[in-house]
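Nothing in this text is a laboratory measurement; each read-out follows from the coordinates by a stated rule. This structure is a prediction, so every number in the text was calculated from the model and none was measured. Counting neighbours? That spans all protein chains shown, and the Cβs are built from the backbone with ideal geometry, glycine included.
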Amino acid sequence: LDEKHLHVRIRFTDAGRELRFVDQRTFGGLRIEPLVREPWAGRWVPESVHHIAPDPFEPGFDLTEVAKRLRSRQTGIKRALLDQRLISGIGNIYADEALWLARRHFARPTSAFTRPQVAELVGHATDVMAAALAQGGTSFDSLYVDVNGSSGYFERSLNVYGREALPCRRCGRGIVREPFMNRSSFRCPQCQRTPPNAHW
């Protein structure tokens with residue numbers, strides 16, 4: 001019996017293996033393309049993704065280089081964290097959680113960060129992603145499931161994301177939700193104060 005949302009099945013002649021493309025959210029795509037050298041770690045990757053930087057779990061991840069490139073940007077820190085050409089894997093939810101742990105506002109300019117502060121923030125993001133992976137991800141509805149159709153439980157561990165008006169787990173102040181790049185940012189107005197030189 002085929003899985004719900006199965007779009008493509010490729011059967012290989014060796015060992016009877018299959019590759020199945022199952023996409024319940026219909027955001028994905030599938031194509032065969034040439035491999036090119038990745039600029040960061042020199043590995044072979046599909047051509048369409050060679051511009052995507054390593055995520056913090058990859059062997060080719062270079063925190064020193066990420067800190068240098070991040071600090072040279074003229075933008076707010078959350079916008080930089082979401083830029084997959086700089087660092088991959090940190091989505092909107094995990095960026096908000098890492099920024100809350102670091103007590104940094106999402107619009108703080110990247111140039112205002114020291115190298116140790118970048119290392120701390122990336123460390124928090126890595127910890128948040130590792131915890132989310134251990135709990136199966138973050139599922140807000142039936143479309144956010146793993147490859148087996150199981151929901152993740154990290155939503156229960158969120159400190160700030162999706163907690164508008166609820167008390168901050170650190171100081172008790174109500175969490176605020178603000179528009180950001182056609183999505184939402186969540187922060188504590190006490191622990192993550194708006195910087196005077198904010199980059200929205």
Inset, instruction - Take the eigenvalues of the Cα gyration tensor for the chain, scale each by 5, and report the square roots as semi-axes in whole Å, largest first. - result: 33, 23, 13
Inset, instruction - Output the relative contact order of segment 26-72, whole-number percent, from Cα pairs under 8 angstrom with separation of 6+ residues. - result: 25 percent
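Kindly provide the helix-only [θ] at 222 nm of the chain, computed as the sum of -39,500 (n - 2.57) over DSSP H runs of four or more divided by all residues, to the nearest 500 deg cm²/dmol? Mind showing how you got there, number by number?
Values: 4 runs with 45 residues, N = 200.
Theoretical 222 nm ellipticity from helices: -7000 deg cm²/dmol.
Which of the peptides 26-36, 115-125 is most tightly packed, and how do the rest follow, going by the mean number of other Cβ atoms within 10 Å of each residue? Show your work: numbers first, answer last.
On the way: 26-36: 9.2, 115-125: 17.9.
Result, highest mean first: 115-125, 26-36.
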Legend entry - Length added when fully stretched, Asn197-Val36, from 0.36 nm per residue minus Cα-Cα: 53.9 nm
Inset, instruction - For the chain, set up a Gaussian network in which alpha carbons nearer than 10 Å are linked by springs, and say which option among Arg103, Arg43, Arg85 fluctuates the most. - result: Arg43
Inset, instruction - Rounded to the nearest 0.05, what FRET efficiency do Val22 and Gln74 give with R0 = 45 Å and r taken as the Cβ-Cβ distance? Could you check? - result: 0.65
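Would you list Asp23, Asp2, Asp55 from fewest to most Cβ contacts within 10 Å?
On the way: Asp23 13, Asp2 8, Asp55 16.
Least crowded to most crowded, the residues run Asp2, Asp23, Asp55.
For the chain, what is the charge dipole size about the Cα centre, in debye to the nearest 20, if Lys and Arg each add +1 at the Cβ and Asp and Glu each add -1 at the Cβ? Walk me through the intermediate numbers first.
Numbers: 29 positive and 22 negative charges, 185 e Å.
The calculation lands at about 900 debye.
If you add up the charges near Ser157, with Lys and Arg at +1 and Asp and Glu at -1, over every other residue whose beta carbon is less than 15 angstrom from its beta carbon, what do you get? Don't skip to the answer; put the middle values down first.
Working: positive: Arg156, Arg163, Arg169, Arg170; negative: Asp96, Glu97, Asp127, Glu155.
With Lys, Arg at +1 and Asp, Glu at -1, the neighbours total 0.
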Inset, instruction - Quickly work out the Val176-to-Gln117 label distance, labels modelled 7 Å from Cα along the C-beta direction, and quote it in nm with one decimal. - result: 1.9 nm
Inset, instruction - Please build a GNM for the chain, connecting alpha carbons under 10 Å apart, and tell me which residue among Arg20, Arg104, Arg169 fluctuates the most. - result: Arg20
Inset, instruction - For every other residue with a beta carbon closer than 13 angstrom to the beta carbon of Gly42, add +1 if it is Lys or Arg and -1 if Asp or Glu, then tell me the sum. - result: -1
Legend entry - In degrees, nearest ten, helix 92-102 long axis to first principal axis of the chain (Cα): 40 degrees
Legend entry - Residues Ser184 and His50, FRET efficiency given R0 of 45 Å [Cβ-Cβ distance, rounded to 0.05]: 0.90
